[in-house]
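The values are calculated or read from the model by the stated rules, or taken from the named source; none is laboratory data. From a predicted model like this one, the values you see are computed outputs, not experimental measurements. Virtual Cβ from ideal backbone geometry, glycine too; neighbours counted across all protein chains shown. To get the accessible areas, we keep the full protein, side chains included, count just its heavy atoms, and leave off ligands, DNA and RNA. Shrake-Rupley method; radii C 1.70, N 1.55, O 1.52, S 1.80 Å.
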Amino acid sequence: MQVSARHQKHRLATLVGFLPLIIFLALLLYVGLNAPNFMTVVNLKLVLAQSLPVVLSVIGLSAVVMAGGDDVVSGGIDLSTPATAVLCAGIVSVMTTAGQPLLIAAGASLIACMLVGVVNAVLITRLRMAPLLATLAMFVAVVGINNVITARKRLNLAAESIASLRQDFVFGIPLGILLVAVLALLAYHFLHRSKWGLNLQAAGGSRDAAEISGIRVDRLVAQTYLLAAFMGFVTGFFMLARANGYSPGAQDNLMLEMVLATFLGAAFSPRRIVTVWGAILGAVLVAAISIGLKTIGVNVFWTDLIKGALIVIVVALSAISERVQ
Amino acid sequence: MTEAAFQLSGIVQTFPGVRALDGADLMVRPGEVHGLVGENGAGKSTIIKVLAGVYQPAEGRIEVGGSTISPATPEKIRDAGVRFIHQELHLVPYFTVAESVFMGQEISGPFGLCKREMRSRAEAFLREELGSELPGNRLIRDLSPAERKLVQVARALVDGAAKVVVFDEPTAPLASEEVLKIMTAIAKLKTRGIAILYVSHYLNEIVDICDRVTVFRQGKNVAIFDEITTDTGPALVSAMIGRDLDAFFPTSSRSAGEVALRLEHFDDGQAFSDVNLDIRRGEIFGIAGLIGSGREELIDALYGLRKSQGTLTLDGATVDTKTAAKAVANGMVLVPRDRRHDGLVLPMTVAENATLATLDENATFGLIDRGKARQVTEALIKDLDIRPSNAQAVTRFLSGGNQQKVVLARWLAKSAKVFIFDEPTVGVDVGAKAEIYQLIENLASEGAIILISSSDPVELVGTCDRVAVMMRGDVRTIIEKQDLNVDHLVAVTTGATSVSETEHAS
Amino acid sequence: MDNVVRQNRLSLRSILMRFGFLIVFALFFLFFAAWNPVFVQGQNLLNIVEGSAILIIVAMGMTLIVATGGIDLSVGIALDFGAAFAVVAMKSYGMGWFSAACVGLIGGSLVGLLNAALVVGLRISPFLATLGTFFIGSSAQRIFTNGGGPISYRKMPEGFRDIAQGDLYGIPTEVIIAAVLVLIYYLVLERSVWGRRVHAMGMQRSASIVAGIRVNRILIACFVFASITCAVGGLIAAANIRMFTPLSGFSYLLDAIAAVFIGAALHPRGRPNVLGTLAGVLFLGMITNGLNLMGLNFNTKDALSGIILVSALALAVAQRNMRNADGD
């Protein structure tokens, strides 16, 4: 009798665990029924295109969380990625507007972005600063520096080739979506199907276990912050493409969406952990909900409220299913 | 005879204020299972850490496979083929068996991880070397404690280079029926010529499995048993505690009063069911039981740290202890087993910790009266002989025994009626241990109700008037004072003697 | 000999680490004073304090939450709610200044209640719970103001305006309010029985439970108390500019967190503490003021203070590490 009770509990936990996904799908179904043209290929492309910057930045963030552990305060987190992204966008815009070739501009912003990653890694693995604090402070500093570089002005796209991320098509698929898909697959491979990725997960799952097994945890953690900075660099170009130029102040929203998508993604994964694919799914679903609500005429001011409620519901459900287990 | 697989000779290891190892020797031969026993604080864990290269001893020599390793670093020791099965599990709960076995030594090809090969090799290793049929794709969090232990063993040995394996309390978290799985695995390793050092509190296991046994006391090896017979058990006990057994445990002239604390129908629906106990005033009542017996869970439930049903009656009145705060308010206090986690707020000072439960008494208008709090603390430091005798010392840096005294000091200040001690002397040095036993004895003499839950049979026999033995969630029997001896207690606790036989004997 | 040199260097390093932050504080002070003598004039120093008043108040609330072992990303929302409720109470319901202020505080406490419900009731980690509150609270403001336009009320009662613009013997009211709050927080968090329990819970929750502390009750009280404190900051902000500006509280968040962690690093045992936080806020205020006096462009000033923030935090943390290493 005890066994069957435990079995029932287990099933209940699994059910509660699937609720976040069910809620999302139900919400999308509702939108689809109310706005018949929502579920079209054109619209899906729009959703994907809209979500690209978030998808790219969550790749970096999920690597950081996987290696550092998913406790938001003491574990791994990189809030500075969005600032790195706008730094890249800012440097590239300013330099190309000034007539520099795109390649040089990209090189300069790559150096700047990786420097941010190095500082993060040093603060966190050398000084043992809490990642939340270190990357939050870096966020402020990098945004400040970027504001000096761009003087907080809107800059139109000077390098036309960046626009091809949005405009060009390969086999009928937008080039940007294709590129991000390739990057996502690579990230999935390296983070989930390689020795490096498994070691990363071991470090985040149990630092002691990883160290006993001879894994150099600090080095791995440092590498994830560099990866996150690199993903910030890539994100910058897609932000430029999406907004057709540099517009100031994009980092705040990106930061919130990135955190939302990543921790939402953990609720989708069967092991209840942050994964790359979960985070990407989270990013796409959040974009779909935002666009979907807009199509059925929900006041745009309500979207944040719905997102906030989603965080709370999803995280609470995942905590409850853990407790039931 | 065969030469040593490893040999430690004349090891001296000191810590501030403590000489943890005082010229200790330890030698283990290939293909033998060598037991290492001793009380808490005898130096067992220290010598293991010396062998692991974690501590650099002040004196002494470390030889593995005939060659001296100096200085011994964890890397060199590992390269020499010495592997450790730590007491803590150190596994990632959401990893699979295969991923855990190959952690840090994954097999990968040009296209990333070879998950299938890792899985089949992990399964083969578990089956052939450890006699276990664990599927490689199961998640660690779905495994039983014994299965997790086996995964840990497989991780240490899968590279095939192990010559010496140290098991540190491998059976501590296991239910008795699961211990067999570990024993089977160890027997298999032995046939391969691997030297095994087996550290355990459970003397019956030592007698069952070991070929030779070294006994540690006060930082030294005090006896080596080359032949193990059924009579070795009692001899081990006396070697462990030395001749001064009587001096070690306080003598008592107490006589227990009427029943004062009554547990009725305690049940948490999982770890224990329908526990009923009557405990008398001025009595020291012990609870024995292996991990998995429900003993720890019962203690947690009594103190409101775990949900359960049942009625608790204190001095004839039903008391609510559904939360720890209510338990404290009703005069019941707990000295927890994990004192660094649950007992002390480690970053706080001795004064802050000692007055944490009596802040209201040391305050005026809600503001802490620092002078009064210091006076109270200083009196407690003096009474309990806490060292250093500095109220402002941060408790993180105190020795285990002194930390335990600070926890006790807090509850003495509270003048509680019921004291629950959970593993009161784990990680406590021998000197402080005797003092803590004396304090417990004094409390009982003053009419307090004392419950001691312990995994150490010597401790229970030395301190308790009666001991309840738990097994698989039930109280199997209560051993009265006249029948209380280590052999009998161990036999009943581990299930070697069934309860019906016990009743025959008594 | 090699050894001796190394030891000397080590001790120099440890001196730098031990007093590093104070030295940096002093160096910046001297630097700004040398650049522009106006910096050290009494009126300017008072300006620094007055300019920091709201941040001091918000940082007090943050100190309390960090002392419980959590973090509060929704302090800005509580501030906004305090301002919004008070302004609307006066403008739309014609309330007197005192009742309007009380309504503002109640409005702020709603934020704390929501946080407490999420953290204590649903056991969501404070970071994610307060992030959720942040989203919800921001959206609520946008919905209410139809997109985020300010609600201005020029004819604000005199009494309410005095919360920010009045003075007592020449000392601005907002400074007095901040000082009173600092005193209350100091007594409650550092001197009282209740505060000791908060610290114990924040450092080691499980041990505090075993010691008989009612941690959930304390946590709820802390979230509510902190949000009411932030709402006081909101009242001052609203009185200052005679309007409620939606989403303006967010700008205090990072500075408040930074001040608390700088303050914790200044404490001999690394605890978040009221006086340390005050020092942290004044440090940040001094930097802003000093950079202003240097006549730097707005963006440059922002970037510099960001860089100083990172360095100050790094230094503070390094200092704490040194101390812990010494203690071992």
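Things to note:
- Heavy atoms of chains B and C lose about 2400 Å² of accessible surface on contact, summed over both sides with a 1.4 Å probe.
- Pairwise FRET efficiency - C:A26 versus B:Q392, Cβ, R0 = 25 Å, nearest 0.05: 0.30
- Cα gyration tensor shape of chain A, rounded if a/c is under 1.5, else prolate or oblate by comparing a/b with b/c: oblate
- Overall dimensions of segment B:256-505, expressed as equivalent-ellipsoid semi-axes from the Cα gyration tensor (√(5λ), whole Å, largest first), are 32, 20, 16.
- For segment B:299-385: relative contact order, % (alpha-carbon pairs under 8 angstrom, 6 or more apart): 16
- At an R0 of 30 angstrom, the distance between the Cβ atoms of C:F98 and C:S251 translates into a FRET efficiency of 0.60.
- Leading residue at positive end of dipole, segment A:22-324 (Cβ point charges), from A:T275, A:I313, A:A89: A:A89
- Rounded to the nearest Hz, the phi-derived 3J(HN,Hα) couplings of segment B:403-419 under the Karplus curve 6.51 cos²θ - 1.76 cosθ + 1.60 (θ = phi - 60°) are 4, 4, 5, 5, 4, 4, 4, 4, 7, 5, 4, 7, 6, 7, 9, 10, 10, where x marks glycine and proline.
- 5 Å binning of all Cα-Cα separations within segment A:168-325, expressed as whole percents from 0 upward: 2, 7, 12, 18, 18, 17, 13, 7, 4, 2, 0, 0
- Using a probe of 1.4 angstrom and keeping all protein chains present, the accessible surface of the protein assembly as shown works out to 41 square angstrom per residue.
- Counted as membrane-span-like here are DSSP H helices of chain A whose alpha-carbon atoms extend 20 Å or more along the helix's own axis and whose Kyte-Doolittle mean is 1.0 or above; these are A:41-68, A:81-97, A:102-121, A:131-150, A:175-192, A:217-243, A:251-268, A:276-295, A:302-324.
- Set of lysines with alpha-carbon distance to A:K195 below 26 Å, sequence-local pairs under 8 removed: B:K76, B:K115, B:K149
- Listed residue (B:G233, B:I47, B:G160) projecting farthest to the positive dipole end of segment B:6-247, Cβ model: B:G160
- Calculated [θ] (222 nm, deg cm²/dmol) that DSSP helices of n ≥ 4 give over chain C, each run adding -39,500 (n - 2.57): -25500 deg cm²/dmol
- Shown for segment B:320-355: residues covered by the partner protein chains by 20 Å² or more of accessible area relative to the chain by itself (probe radius 1.4 Å), namely B:A324, B:A325, B:H341, B:D342, B:V345, B:P347, B:M348, B:E352.
- Computed from the C-beta positions of B:E133 and A:R216, the FRET efficiency with R₀ = 35 Å rounds to 0.55.
- Accessible area buried between chains B and A, both sides summed, probe 1.4 Å, in Å² to nearest 100: 2000
- Interface burial for A against C (accessible surface, 1.4 Å probe, total of both chains, Å², rounded to 100): 3500
- When both bridge partners sit in the protein assembly as shown, DSSP labels roughly 60% of those beta bridges antiparallel.
- Reach of C:K301 by Cα under 22 Å, taken over lysines that are not fewer than 8 positions away in the same chain: A:K153
- Signed unit charges on C-beta, dipole axis of the protein assembly as shown, positive-most listed residue B:A146, B:G269, A:G117: A:G117
- Stokes-Einstein diffusion coefficient of chain B, Kirkwood radius over Cα pairs, 20 °C, 1.002 mPa s, in µm²/s: 87
- When the other protein chains are added to the chain by itself, burial of at least 30 square angstrom of heavy-atom accessible area (probe 1.4 Å, ligands and nucleic acids ignored) affects these residues of segment C:191-206: C:R191, C:V193, C:R196, C:R197, C:A200, C:M203, C:Q204, C:S206.
- Threshold 20 Å², segment B:361-377 residues less accessible with all protein chains present than alone (1.4 Å probe): B:G366, B:L367, B:I368, B:R370
- Within the protein assembly as shown: Cβ-based charge dipole about Cα centre, in debye rounded to nearest 20 (Lys, Arg +1; Asp, Glu -1): 3480
- Relative contact order, percent, chain A [alpha-carbon distance under 8 Å, six or more residues apart]: 33
- Relative to the dominant Cα principal axis of chain C, helix C:173-185 is inclined by about 60°.
- Relative contact order (%) - segment A:145-269, alpha-carbon pairs under 8 angstrom, separation at least six: 34
- Label-point gap, in nm, between C:K155 and B:N485 - each point 7 angstrom along Cα→Cβ: 9.9
- Helix C:253-266 and the longest principal axis of the Cα set of chain C meet at an angle near 40°.
- Overall shape: oblate for segment C:52-250, with the ratio a/c of the largest to smallest alpha carbon gyration tensor axis at 1.5 or above and b/c at least equal to a/b.
- Assigned charges on the beta-carbon of Lys, Arg, Asp, Glu; segment A:200-325 dipole about Cα centre (debye): 180
- Atom-type composition of the exposed protein surface of the protein assembly as shown places 59 percent of the accessible area on carbon and sulfur (1.4 angstrom probe).
- Computed over Cα pairs, the Kirkwood radius of the protein assembly as shown leads via Stokes-Einstein (0.890 mPa s, 25 °C) to a diffusion coefficient of 75 µm² per second.
- Dipole check for segment A:22-324: with +1 at the C-beta of Lys and Arg, -1 at the C-beta of Asp and Glu, and the Cα centre as origin, the magnitude is about 120 Debye.
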